[in-house]
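Please treat every number below as a calculation from the coordinates, not as lab data. The structure presented is a predicted model; accordingly, all values stated were derived computationally and were not measured. Counting neighbours? That spans all protein chains shown, and the Cβs are built from the backbone with ideal geometry, glycine included.
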Amino acid sequence: MTTTGNRYLAPGRVMALFNKLVGGLTRLGLSVWGSRELSVRGRKSGEWRSVPVNLLTVDGERYLVSPRGRTQWVRNLRVAGEGRLRVGRKIEEFRAVELPDEEKPELLRAYLKRWKFEVGVFFDGVDANSPEADLRRIAPGYPVFRVG
C-alpha cells in the first residue's frame, strides 16, 4: 500500500453508485451514519463540486477524513480552504484546516471505529485496533481536515 501524500484510490462502479445513493439520501435530509454532502469550489473551474462524506466528531471537534487519499475534493479544499456541508435543506458553511500527519493517528482510529464497515477496505489491513505505529505509518496517505 502506498502511504504517501499522493495516494489515491478511484471509486469503482459499485462505489460510485453507492455514493450517488448516499448523496441523494443526504440531500433529502436522511443522514446515513453521519453523512453530509460536501460542496467545494473547483480549484480550476470555480464551479461547486459535491460529494458525500462522513463527518467525524471527536471531543467536540469535527473532521473530514479522505479514506481514498488525495481525491478531487481534497485537492479543491486545499485550494479553497472552505466549503459547505449539507443535510437536506440545512447548509453549513465552514473553513477547513488540514492537519499534519502527527495529529492524524487517533482521528484515523476513531474514523475506522465508526465507519470500518464502509471504508475498511481502503486501509489495507490497518483497523481501529492496529498499533499506533501502523496508524502513524499510513497517516501521510489519508488527508484529514478540521472543520470549523
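A compact table of results
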quantity: Table column - 3J(HN,Hα) (Hz), the range 95-107, Karplus curve with 6.51, -1.76, 1.60, x for Gly and Pro; calculated: 10, 10, 10, 6, 8, x, 4, 5, 8, 7, x, 5, 6
quantity: Protection-proxy order for peptides 53-60, 42-49, each taking the mean of Cβ atoms within 10 Å per residue, highest first; calculated: 53-60, 42-49
quantity: Protection proxy ranking, peptides 24-37, 5-18, average beta carbon neighbours within 10 Å, highest first; calculated: 24-37, 5-18
quantity: Percent of C-alpha pairs per 5 Å bin, the chain, short to long; calculated: 2, 10, 19, 24, 23, 15, 6, 1, 0
quantity: Degrees between helix 13-27 axis and first principal axis of the chain (Cα, 0 to 90, nearest 10); calculated: 50
